[in-house]
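Worksheet: one structure, shown below.
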Amino acid sequence: MNKFSETASTLFMQGYSCSEAVVKAAYEAGIIDRKIDPELLNRIVSPFSGAMGEHQCLCGAVAGSQLVLGLLFGRTAPSSDHNRIKELASEFNREFKEKRNVKTACCRALRKGFDEDPKTARINCSHIVRDATNILEKMVEKTSRSSV
């Protein structure tokens with residue numbers, strides 16, 4: 001496990017939600033500009049905790065990863081090309097599903113079979129956070145290199 005993924009997994013096990021752990025680890029790793037207020041980032045990403053509350057669908061680790069991709073490579077104006085960020089978002093989703101060997105990034109489906117025991121569920125989700133951040137880090141490195 002790399003340092004970024006290890007940090008995200010540790011933060012998650014310390015009580016941060018999956019989305020918060022991904023974004024905070026990206027901030028601590030210097031992937032996200034340190035000029036951005038970390039408390040503001042956490043507030044922005046916190047609604048994605050627990051798969052957006054009762055919605056129970058979009059995995060928070062996926063949502064947090066998508067937020068980081070948007071912060072780094074997203075559009076800055078309506079006139080900006082939207083294809084690049086859409087392609088990156090789709091690539092992340094494909095790689096995540098492939099890595100997890102699933103057909104969906106729905107939190108409810110990813111947690112299936114783990115809901116009975118909170119400790120086991122947390123460990124399962126820490127592995128999901130780790131996988132998401134591994135994919136995210138590789139994509140950031142590759143996309144940053146190709147942008148230079």
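We did not get these values from a lab; they are worked out from the coordinates using the rules stated. No experiment lies behind these values; they were computed from the predicted model shown. Don't worry about glycine lacking a Cβ; one is built from the backbone with ideal geometry, like all the others, and counts go over all protein chains shown.
Annotations
- CD proxy at 222 nm, helix term only [per DSSP H run n ≥ 4: -39500 (n - 2.57); per residue of the chain; nearest 500]: -21000 deg cm²/dmol
- Estimated inter-spin distance, E87 and S144, nm [label 7 Å along Cα→Cβ]: 2.0 nm
- Span-like helix ranges in the chain, DSSP H, alpha carbon extent 18 angstrom or more, Kyte mean at least 1.0: 60-73
- Loop-located GluC sites (Glu not before Pro) across the stretch 110-148 with a Cβ neighbour count of 14 or fewer within 10 Å are E116, with loop assigned by DSSP.
- V102 paired with E116, simple spin-label distance in nm, labels 7 Å along Cα-to-beta-carbon: 1.9 nm
- For the pair I123 and C57, the difference between a 0.36 nm per residue extended length and the Cα-Cα distance amounts to 21.9 nm.
- Each Cα pair under 8 Å and six or more residues apart adds its sequence gap; the mean of these over the residue count of the chain is a relative contact order of 30 percent.
- Nearby lysines by direct alpha-carbon distance to K99 (threshold 16 angstrom, same-chain neighbours under 8 apart not counted): K138
- Residues whose placed amide H lies under 5 Å from that of L58, excluding near-sequence neighbours: C107
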